[in-house]
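Participant: One structure, as structure tokens, below. Some questions next.
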Amino acid sequence: MQHYSGFGLLKHSFSHHENWQRVWRNPTPKKKYDVIIVGGGGHGLATAYYLAKQFGVTNVAVIEKGFLGGGNTARNTTIVRSNYLWDESAHLYEHAMKLWEGLSQDLNYNVMFSQRGCLNLGHTLQDMRDIERRVNANRLNGIDGEVLDAKQVNEIVPILDCSGNARYPVMGASWQPRAGVARHDAVAWGFARGADMHGVDLIQQTEVVDFIIEDGTVTGVKTDRYGDIMADKVGCVVAGHSGYMAAKAGFELPLESHPLQALVSEPIKPILDTVVMSNHVHGYASQSDKGDLVIGAGIDSYVGYGQRGSYPTIEHTIQAIVEMFPIFSRVRMNRQWGGIVDTCPDACPIISKTPVKNLFFNCGWGTGGFKATPGSGHVFAASLAKGEMHEMAEPFSMFRFHNGALIDEHGAAGVAH
Amino acid sequence: MFYIYCPYCGEHREEEEFHNQGQAHIERPADPDSCSDEEWGNYMFFRKNPRGLHHEIWVHAAGCRKFFNVTRHTVTYEIKEVYKMGEQPKVVAE
């Protein structure tokens, strides 16, 4: 596989960029693998990449029913941050953050990770107390964070209405300078290319219709295109469809699938060079490199698989955005879409063994999975390679809903909960 | 955008007047103290998440403020029936 570099770009320019290699193979699956990953989204591809590269398990297949990175990886608002309250989640998201910081070099693929900082606004006294608590918790965990007052916030984002005239005046914010955004598609493609380079078979347009389970142990999967494919271990990373797949394996997960919407505006000149989020008025925005404003709404309250949401939810978010940024009031919106997010009762993911031996699930990321992509893949790969959960994944067991060790991240999980 | 019939007001109203309250027909264990951890966890946290018909509670928050049940398809979002609290659904999954 060819290495990408500035020199390569120059070299290919002489042949009008017509001789670039295909980025990954399109293989026919073998009869048996050491590990099968069900689901070729960001987390699944990252898992395959780290399995092959770092843990030496190269006899791996990723089976995807559509195309790679075509689900929520392609639909999110690309924010990366690690300012979570509780130790367990802070460690996990910070682990991901550290991987993000070297990811483009590691993958030899530009994921356009831009650490432009993230503000989480506070509009009430209670917001400010929560922010202070969270920032202090972050700093104890070695995560950068500062509490800012309204004046400092206004210095960072001059277009934000920090006057006392807003319906919910900005009182301050938490500020994580290392947070930022990344190019979502490039993350999926970079991990896919890296995995393929290390020998992983990426099997697209093939749906896993069932698991093959003998005596309580998974031994493979049934697919619609290639029949049965055997495996020693199976990792299921299928986001919104996890509950459906769990039912196939004969157990239940405490997940609910909800529509989550986002929208982008027409491209405008650079005006917002950081990420601004507000839980209280329920909206968040950043500006992409193309110039469009990327705006995220909250989840719709009802269960839905329709990949579209309700108009009132969008209207509510736009009201909040216009209230925070009066200058955006005449910007026209270009596109609006919805994804299906698998939310957990405690707003934390499930990275876990299951009642079926050798079958592992990584799901329940809800509204905030993108930021964890490399970390999630890394700890899940470590767990699959050893057959025992990685210490960072251990607290996120699906059995916590029976033993009571929940990790309540509804505050730090952000806008959408 | 849902257009929901409130069985108490006897009128169709827009979605904005309502709030979804999650799965309907959840029974609180009669004797919580004798529940195992598993039974209690299932009652607290495990909800039906079907791709298909779903029975759920809605509240007419900006209207009569009463709770009622709805059977809705979670892919097409079509509302199949609306029925009062204490009643059983007529449209059920096969």
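Participant: Taking other Cβ within 10 Å of each residue's Cβ, how do A:His241, B:His25 sort, fewest first?
Facilitator: By the 10 Å Cβ count, ascending, the order reads B:His25, A:His241.
Participant: For each cysteine in chain B, check whether another cysteine's C-beta sits under 4.7 Å from its C-beta; list those where none does.
Facilitator: B:Cys35, B:Cys64
Participant: For A:Asp292, what residues show an amide H to amide H distance below 5 Å, using hydrogens built from the backbone and excluding near sequence neighbours?
Facilitator: Long-range HN contacts for A:Asp292: A:Ile268.
Participant: So, one more: What does the convex hull of the Cα atoms come to per residue for segment A:1-145, in Å³?
Facilitator: It is 173 Å³ per residue.
Participant: Within 15 Å, Cβ to Cβ, of A:Asp34, how many net charges do the neighbouring residues add up to if Lys/Arg are +1 and Asp/Glu are -1?
Facilitator: Local charge sum for A:Asp34: +4.
Participant: So how far apart, in nm, are the two label points at A:Ile268 and A:Arg330 if each is 7 Å from Cα heading toward Cβ?
Facilitator: Label-label distance for A:Ile268 and A:Arg330, simple model: 1.0 nm.
Participant: How do A:Lys32, A:Lys53, A:Lys269, A:Lys386 rank when sorted from fewest to most other Cβ atoms within 10 Å of their own Cβ?
Facilitator: So the ranking, lowest neighbour count to highest, is A:Lys269, A:Lys386, A:Lys32, A:Lys53.
Participant: Let me ask something additional. Any chance you could give the angle, 0 to 90 degrees and rounded to 10, that helix A:42-53 forms with the longest Cα principal axis of chain A?
Facilitator: 50
Participant: Further question on the same structure: Using each residue's phi in segment A:126-134, evaluate 6.51 cos²θ - 1.76 cosθ + 1.60 at θ = phi - 60° and report the 3J(HN,Hα) Karplus result to the nearest Hz, with x for Gly and Pro.
Facilitator: 5, 3, 5, 5, 5, 4, 4, 4, 5
Participant: How long is the gain from A:His12 to A:Lys31 if the chain were fully straight, where each residue apart is worth 0.36 nm and the alpha carbon distance is subtracted?
Facilitator: Values: separation 19, 0.36 × 19 = 6.84 nm, distance 3.80 nm.
Length difference between fully extended and current span is 3.0 nm.
Participant: Over the residues of segment A:98-140, compute the C-alpha Rg and express it relative to 2.2 N^0.38 Å.
Facilitator: For segment A:98-140, the normalised Cα radius of gyration comes out at 1.71.
Participant: Of all beta bridges DSSP finds with both residues in chain A, what is the antiparallel percent, to the nearest 5?
Facilitator: For chain A, the DSSP antiparallel bridge percentage is about 70.
Participant: For the protein assembly as shown, what value does the Rg/Rh ratio take when both radii are computed over Cα atoms and Rh is the Kirkwood radius, given to two decimals?
Facilitator: Looking at the protein assembly as shown, the ratio lands at 0.97.
Participant: State to the nearest 20 debye the size of the charge dipole of chain A about its Cα centre, where the only charges are +1 on K and R beta carbons and -1 on D and E beta carbons.
Facilitator: Numbers: 36 positive and 42 negative charges, 196 e Å.
Magnitude of the dipole: close to 940 debye.
Participant: Shifting gears a bit: Which distance in nm do the two modelled labels at B:Glu78 and B:Arg13 give, with both placed 7 Å along the Cα-to-Cβ direction?
Facilitator: About 2.6 nm, to one decimal.
Participant: What is the distance in Å between the Cα centres of segment B:51-94 and segment A:189-256?
Facilitator: 33
Participant: Using R₀ = 25 Å, calculate the FRET efficiency as 1/(1 + (r/R₀)^6) where r is the Cβ-Cβ separation of A:Ala247 and B:Ile26; round to 0.05.
Facilitator: 0.85
Participant: Among A:Thr217, A:Thr367, what is the fewest-to-most ranking by other Cβ atoms within 10 Å?
Facilitator: Result, fewest neighbours first: A:Thr217, A:Thr367.
Participant: Measure nothing but the geometry: give the 0 to 90° angle between the long axis through the Cα atoms of A:373-386 and the longest principal axis through the Cα atoms of chain A, rounded to 10°.
Facilitator: The helix A:373-386 is inclined about 30 degrees to chain A.
Participant: Given bins 5 angstrom wide, list per bin the percent of all Cα-Cα distances in chain B, short to long.
Facilitator: 3, 13, 22, 21, 17, 12, 7, 4, 1
Participant: Can you give the mean number of other chain Cβ atoms that lie within 10 Å of the Cβ atoms in peptide B:38-47? If you can, show how the numbers build up before the last one.
Facilitator: Working: counts 4, 1, 3, 8, 4, 0, 6, 10, 8, 7.
Mean number of neighbouring Cβ atoms from other chains: 5.
Participant: Still on this structure, I have one more. Counting Lys and Arg as +1 and Asp and Glu as -1, what is the net charge of the other residues whose Cβ lies under 13 Å from the Cβ of A:Ala48? Intermediate results must be reported in sequence, preceding the final value.
Facilitator: Working: positive: A:Lys53, A:Arg193, A:Lys233; negative: A:Asp34, A:Glu64, A:Asp196, A:Asp201.
Net charge in that neighbourhood comes out at -1.
Participant: Positive end of the dipole of segment A:104-248, charges at C-beta (+1 Lys, Arg; -1 Asp, Glu), about the Cα centre: which of A:Cys118, A:Asn108, A:Ser242 has its Cα farthest in that direction?
Facilitator: A:Cys118
Participant: Please tell me the relative contact order of segment A:269-310 in percent, rounded to the nearest whole number, where contacts are Cα pairs under 8 Å and at least six residues apart.
Facilitator: Once normalised by length, the contact order is 27 percent.
Participant: OK, next. So between A:Asn136 and A:Glu214, what do we pick up on full extension, going 0.36 nm a residue minus the alpha carbon distance?
Facilitator: On the way: separation 78, 0.36 × 78 = 28.08 nm, distance 4.93 nm.
In short, 23.2 nm is gained.
Participant: Further, regarding this structure: Given a cut-off of under 8 Å on Cα pairs at least six residues apart, what relative contact order in percent is computed for segment B:47-94?
Facilitator: Reported as a whole number, the value is 31 percent.
Participant: Take peptide A:244-255, look around each residue's Cβ out to 10 angstrom, count Cβ atoms belonging to other protein chains, and average those counts.
Facilitator: For this peptide, the per-residue mean of nearby foreign Cβ atoms is 2.
Participant: Could you check which residue among A:Gly304, A:Gly102, A:Gly404 shows the biggest mean-square fluctuation in a GNM of chain A with a 10 Å Cα cutoff?
Facilitator: Largest GNM mean-square fluctuation: A:Gly404.
Participant: Grab the alpha carbons of segment A:88-213, take their convex hull, and tell me the volume per residue in Å³.
Facilitator: 201
Participant: Moving on to the next point. Beyond a 22 Å Cα-Cα separation, which of these cross-linked pairs lie in this structure: A:Lys222/A:Lys357; A:Lys53/A:Lys98; A:Lys53/A:Lys222; A:Lys65/B:Lys48; A:Lys65/A:Lys357?
Facilitator: Long pairs (Cα-Cα over 22 Å): A:Lys53/A:Lys222; A:Lys65/B:Lys48; A:Lys65/A:Lys357.
Participant: With +1 on each Lys and Arg Cβ and -1 on each Asp and Glu Cβ, and nothing else charged, work out how big the dipole of segment A:214-335 is about its Cα centre, in Debye to the nearest 20. Before the final figure, lay out each step's value.
Facilitator: Details: 10 positive and 14 negative charges, 99 e Å.
Rounded to the nearest 20 debye, it is 480 debye.
Participant: Extending each Cα 7 Å along its Cβ direction at A:Asp289 and A:Asn403, get the distance between those two points in nm, one decimal.
Facilitator: Reported label-point gap for A:Asp289 and A:Asn403 is 4.4 nm.
Participant: Sticking with this one: Using the Cα centre of chain B as the reference point, and only Cβ charges (+1 on K/R, -1 on D/E), how large is the resulting charge dipole? Debye, rounded to the nearest 20.
Facilitator: In total the dipole reaches around 300 debye.
Participant: Under a 5 Å amide H to amide H cut-off, with H placed in plane at 1.01 Å, what residues pair with A:Val281 once short-range neighbours are removed?
Facilitator: Correct list: empty.
Participant: Oh, and also: If you build a Gaussian network model of chain B, linking Cα atoms that sit under 10 Å apart, which residue out of B:Ile57, B:Ile79, B:Ile26 swings the most?
Facilitator: Checking each option, the largest mean-square fluctuation is seen for B:Ile26.
Participant: Let me ask you something else. Using helices alone, I'd like the mean residue ellipticity at 222 nm for the protein assembly as shown: each DSSP H run of four-plus residues gives -39500 (n - 2.57), total over residue count, nearest 500.
Facilitator: Per the formula, -7500 deg cm²/dmol.
Participant: Considering chain A as a Gaussian network with a 10 Å cut-off on Cα pairs, which listed residue, A:Gly339, A:Gly298, A:Gly56, attains the greatest mean-square fluctuation?
Facilitator: A:Gly56
Participant: Something else now. Give me a single rounded figure for B:49-59: the average over its residues of other chain Cβ atoms within 10 Å of their Cβ.
Facilitator: Counting Cβ atoms of other protein chains within 10 Å of each residue's Cβ and averaging gives 4.
All of the numbers you see were taken from the coordinates with simple rules; none came from a lab. From a predicted model like this one, the values you see are computed outputs, not experimental measurements. Quick reminder, even Gly has a Cβ in these numbers, built from the backbone with ideal geometry, and neighbours come from all protein chains shown.
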